[in-house]
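Each remark here refers to the structure printed beneath this line.
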Amino acid sequence: MFMKMKPITFFVSVFVVVTVLLPSLLVLPYSSKTSFLLETKPKEMKRSALPSLSSTLAVPVYRTAEKKVEKVALEEYVKGVVASEMPADFKLEALKAQALTARTYIARMLDNTDQGGNLPGGAAVTDSILHQVYKNDDELKKQWGDEYPEKMEKITKAVAATRGKILTYDGKPIFASFFSTSNGYTENSEDYWGTKYPYLKSVKSPWDRDTPKFEQKQEIPLLDVEKQLGVVIQKDGEVGKVIQRTAGNRIARMAIDGKTFKGKEVREKLGLRSADFTLTKKKQEVIATTKGFGHGVGMSQYGANGMAKDGKNYKQIVKYYFKGVSISDYKPHSGRSTVKD
């Protein structure tokens, strides 16, 4: 049997429900621990326990082998890139630096859709060296075999340490380029690509010198060299003459058989590992001796590992190779799709 409630008692009861009980009920669904992918720092959850947009953001990756687009959660994508682009036995701080650059690279691509080059299915990037190499868990398990648990634990730790962070310049994601090994210096972006970025400046990178890829030799058939460059090379010995070098000590311009070439042009036409090279004709072959491996712009991966061995942390590493940058929270455009789409 219900007693008739006085008006003032009724309003007091309603007030208690609205101000005390209702907020508690709303918070309960989010009080339990979230999965690793959605994990956020406690200090960032004071106002809302819901995951940030960057936590659920999907990266549309064009899988070149399958010829299809795969949507990958941002942090999972970063793990797949770090695992594919840098040896897992590198120092943890170097892996953290790689995670930060990988996330920055894709952030810039996602925020500038026209940079994807009209890829199929609205993909932002491919899984190849055209952008960043990416492999998923199944591919990495196949590649690493029994070593997968140990290696992936280390990669996961590196990615988690930089979670949600990117490199910015003037508040925008930078073009976070990286490469394998320097010739002792990195390159100004304008000297290799012709485009000047204020944060991609030549710096000394002495840590690369005692690494496996610092100096290598390639043997190229003489006829291939002559065909690719459109020249005739008659005498044995050193081929061509260097006219000018870049700030990063790579070949800017050189002359071969009366023709002038950019160092980058020779490198790309002959498939050389670096634009710091010497060419030597020996009978029917040309021996290319290269220093460094890659375009040379941005962060040297072996250099980053050398810095880590010297006790530098990932923040010091990225700020050494990318001048004047800040480490910032990634705030993607609100219109980006999520993994739940």
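The values are calculated or read from the model by the stated rules, or taken from the named source; none is laboratory data. Computed from a predicted model, the values in this text were never measured in an experiment. Backbone-built Cβ (ideal geometry, glycine too); neighbour counts: all protein chains shown.
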If you go through the range 290-341, how many residues are surrounded by fewer than 14 Cβ atoms within 10 Å (Cβ to Cβ), modelled with pLDDT under 95 and of a type outside the set (Ser, Thr, Tyr)? 4
Checked against (1) more than 23 Å from residue 172 (Cα to Cα); (2) not in a loop (DSSP other than H, G, I, E, B), residue 60 satisfies every condition except (1)
Here are 223, 200, 272: which of them is within 30 Å of residue 305 (Cα to Cα) and more than 22 Å from the chain's Cα centre (by Cα)? 272
Which ones in the range 171-197 are under 23 Å from residue 78 (Cβ atoms) and either among the charged types (D, E, K, R) or surrounded by fewer than 20 Cβ atoms within 10 Å (Cβ to Cβ) (or both)? 171, 172, 197
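Suppose we keep only residues that are aliphatic (A, V, I, L, M) and crowded, with 19+ Cβ neighbours inside 10 Å within the range 141-165. Which one would you say is farthest from residue 61 (Cα to Cα)?
Filtering the range 141-165 for residues that are aliphatic (A, V, I, L, M) and crowded, with 19+ Cβ neighbours inside 10 Å, the one farthest from residue 61 (Cα to Cα) comes out as 158.
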What number of residues in the range 278-306 are closer than 27 Å to residue 104 by Cβ and of a type outside the set (Val, Ile, Thr)? 14
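Is it the case that some residue within the range 90-112 is in the same structural domain as residue 181 (by TED's automatic domain parsing) and farther than 27 Å from residue 324 by Cα?
The initial filter retains those residues of the range 90-112 that are in the same structural domain as residue 181 (by TED's automatic domain parsing), namely 90-112.
Then keep just the ones that are farther than 27 Å from residue 324 by Cα; that gives none.
No, because not a single residue in the range 90-112 is in the same structural domain as residue 181 (by TED's automatic domain parsing) and farther than 27 Å from residue 324 by Cα.
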Counted residues, the range 190-224 - those being touching a strand residue (DSSP E or B) at 6+ places or on another chain (Cβ under 6 Å), acidic (Asp, Glu), closer than 28 Å to residue 312 by Cβ and outside any helix (DSSP H, G or I): 1
Which ones in the range 261-289 are in contact (Cβ under 8 Å) with a residue 40 or more places away in the chain and either crowded, with 19+ Cβ neighbours inside 10 Å or among the acidic types (Asp, Glu) (or both)? 264, 272, 273, 274, 275, 276, 279, 285, 286, 288
Go through the range 107-124 residue by residue and tally those that are surrounded by 20 or more Cβ atoms within 10 Å (Cβ to Cβ) and out of contact with any strand residue (DSSP E or B) (no Cβ under 6 Å at 6 or more places or on another chain). 1
Tell me yes or no: at least one residue of the range 135-143 is over 30 Å from residue 277 (Cβ atoms), touching a residue at least 60 places away in the same chain (Cβ under 8 Å) and in a loop (DSSP other than H, G, I, E, B). yes
Is it true that some residue in the range 288-305 is under 22 Å from residue 234 (Cβ atoms), over 23 Å from the mean Cα position of the chain (by Cα) and either outside the structural domain of residue 203 (by TED's automatic domain parsing) or not in a loop (DSSP other than H, G, I, E, B) (or both)? yes
